[in-house]
Ligand SMILES: Nc1ncnc2c1ncn2[C@@H]1O[C@H](COP(=O)(O)OP(=O)(O)OP(=O)(O)O)[C@@H](O)[C@H]1O
Ligand SMILES: [Mg+2]
């Protein structure tokens, strides 16, 4: 039995009109099922980040259809889309984007507090659980700007996981990290995929990382040129 | 819950830039303080000056002007009905300043519910004799009890007692400058000569100082009975009826009504002191415009700090939006920041403004023309405080509006791609 589809795009196209018209995304059709660990790779400038922003609902300037959790995203208000991101999508970017004025645990809690399903105390325990899972529970009460780069990225991952997102979207999550830290983050993603069956869509340049994913999508010049199951992964 | 989160984020952003925030808040505090102090002082001054006039001016004054009768014999002659009459050099038929039927008139007025009180008065031009020199002046016969109750006559007595007028017969109270010229002090005798030439010695019972030089130079007061005696008139003789109303605004209407009904002349306070209202109005206007200008300047301070904050916190705004905060939430965060600067700055400003006006209220202020005043006048009308609070919230809201809108429209994709 196949898992349900959590993310689906049909004939996605996107153009930049500034200063000349460039087609960045050309007829992209793909789907991600629950529990999938998908990596997207391709040359620099082929449109990976752009695709990720469209899939994340942050970029609404596209043509074609986008379904998240079976629901069409077109025609929704900015507020409704924010709600979808809050509830269903976790983000990890190359840069951590932590709020320096808040402590680590507060940073992790913010999207949970915004969602408002749980009491503040409960959101805090959930945040602590995720920090523990990522091995940084000791840093919980430090200010965000007192951490190392690798630690910050792990906090960002914990923040992305706070609302149990349907889908975790990552754009070169190890791009800013050194080898050792990259390995730690790799192993975290691996564990998320294998132990927690977290659905993952990761843009990466790292061949080793891609090799560990279940499915590899390769892009070139705005097209998806291959979308294959990775038989080498476990 | 939602609102609490917004407050918390707003607070953390404020704290991150607390020095600039403090400067912006001090701007608001300063302007509110000055607004309150300025208005309290200006209005205090206005009230003082108004009272100078209003307290002793009757709201409506009934009197008989000496003038030629409008009804001349030729008007009754039937053969000249159709012509136009030119009559030259008409003379008033008799010197009758007297209010007719004054006893009945007073009774009617006392029963009118709109009237707070009345005081009868006799005004007569007299000469004060000082050796060979005659000084022109005015002798006012007044009803001491009512005059004190309605027109605060007592406030202006600097020597002696006003009540003595009623007790000591043939006594007089002189204006300060007049007494100076006559070199008369309490207990001395002065002699007055009426227009008809009768001379009368009167004993000085007190000195008054009104603050209006013109009055102090010419006015003198005595009891109604003494005035009637000096003028050789009967005990129902009076020239003026001064009416004080419950509502000042009714004065013009009532003046018209009484003039018709009692067939006398009537003058209302609005007509007799029109120029005074204008002065008060302009002073208040200046106070308000200065205060509001200060507030607007403070508003620009808030606008600046918010803009700076937004540039600095682009990343934070981007990630908040990426993780599910809507544009509206971000907008609210910045509005809350603006309003809290306005709120806390404003509260401190109200307090300092109050303290400053108390301070002004204690600065000694002596002037010869205002004997009852010892410190600068200050008004503590709560209206100023509510206007100041409204304005501080309003200007901070307006100055936060544009930056908040800008923040809410930040496109997270642009920021995140830029990294
Ligand atoms: N705002 C924009 N206006 C015009 N062109 C843009 C804009 N943003 C991106 N592009 C162009 O779109 C193309 C795709 O960019 P994108 O960031 O998606 O590439 P990428 O695959 O993520 O590259 P990298 O691997 O280097 O991150 C690039 O050629 C880029 O120059
Ligand atoms: Mg990219």
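The values are calculated or read from the model by the stated rules, or taken from the named source; none is laboratory data. The structure displayed is predicted, hence computed values, not measured ones. For neighbour counting, all protein chains shown are included, and Cβ atoms are generated from backbone atoms with ideal geometry for every residue, glycine included.
At a glance:
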quantity	calculated
Unique match (being more than 16 Å from ligand 2 (Cβ to nearest atom) and assigned to a helix (DSSP H, G or I)) among A:85, A:10, A:76	A:85
Extreme residue, farthest from the other protein chains (Cβ to nearest Cβ), among residues of region A:118-134 that are free of Cβ contacts under 8 Å to residues at least 40 places away in the same chain and not in a helix (DSSP H, G or I)	A:118
Residue that is at pLDDT below 90 and closer than 27 Å to residue B:13 by Cβ, where the choices are A:80, A:94	A:94
Subset of region A:15-67 (residues that are within 16 Å of ligand 2 (Cβ to nearest atom), more than 14 Å from chain B (Cβ to nearest Cβ) and part of a loop (DSSP other than H, G, I, E, B))	A:43, A:46
Search result, residues across region A:89-109 that are touching a residue at least 60 places away in the same chain (Cβ under 8 Å) and within 7 Å of another protein chain (Cβ to nearest Cβ)	A:91, A:93, A:94, A:95
Cross-chain or 6+ apart pairs with Cβ under 7 Å, region A:38-58 first and on the phi > 0 side of the Ramachandran plot and near ligand 1 (Cβ under 8 Å from one of its atoms), then outside any strand (DSSP E or B) and modelled with pLDDT under 90	A:47/A:222
Some residue of region A:174-188 being under 21 Å from residue A:7 (Cα atoms), more than 16 Å from ligand 2 (Cβ to nearest atom) and outside any loop (DSSP other than H, G, I, E, B)	no
Subset of region B:21-39 [more than 11 Å from residue B:342 (Cβ to Cβ) and more than 19 Å from the chain's Cα centre (by Cα)]	B:21, B:22, B:23, B:26, B:30, B:33, B:34
Evaluation of residue A:145 against (1) part of a helix (DSSP H, G or I); (2) crowded, with 16+ Cβ neighbours inside 10 Å; (3) touching a residue at least 40 places away in the same chain (Cβ under 8 Å) (one fails), failing number	(2)
Scope region B:339-380; condition under 12 Å from residue B:41 (Cα atoms), touching a helix residue (DSSP H, G or I) at 6+ places or on another chain (Cβ under 7 Å) and surrounded by 14 or more Cβ atoms within 10 Å (Cβ to Cβ); matching residues	B:353, B:354, B:356, B:357, B:360, B:376, B:377, B:378, B:379, B:380
So residue A:225, is it more than 15 Å from ligand 2 (Cβ to nearest atom), touching a helix residue (DSSP H, G or I) at 6+ places or on another chain (Cβ under 6 Å) and within 24 Å of residue A:50 (Cβ to Cβ)	no
Test for residue B:311: is it away from chain A (no Cβ under 14 Å), more than 31 Å from the chain's Cα centre (by Cα) and without any contact (Cβ under 8 Å) to a residue 60 or more places away in the chain	yes
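Okay, residues lined up against (1) in a helix (DSSP H, G or I); (2) closer than 30 Å to residue B:123 by Cβ; (3) at pLDDT 80 or above; (4) within 14 Å of chain A (Cβ to nearest Cβ):
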{"position": "B:42", "(1), (2), (3), (4)": "yes, no, yes, no"}
{"position": "B:51", "(1), (2), (3), (4)": "yes, yes, no, no"}
{"position": "B:91", "(1), (2), (3), (4)": "no, yes, no, no"}
{"position": "B:96", "(1), (2), (3), (4)": "no, yes, no, no"}
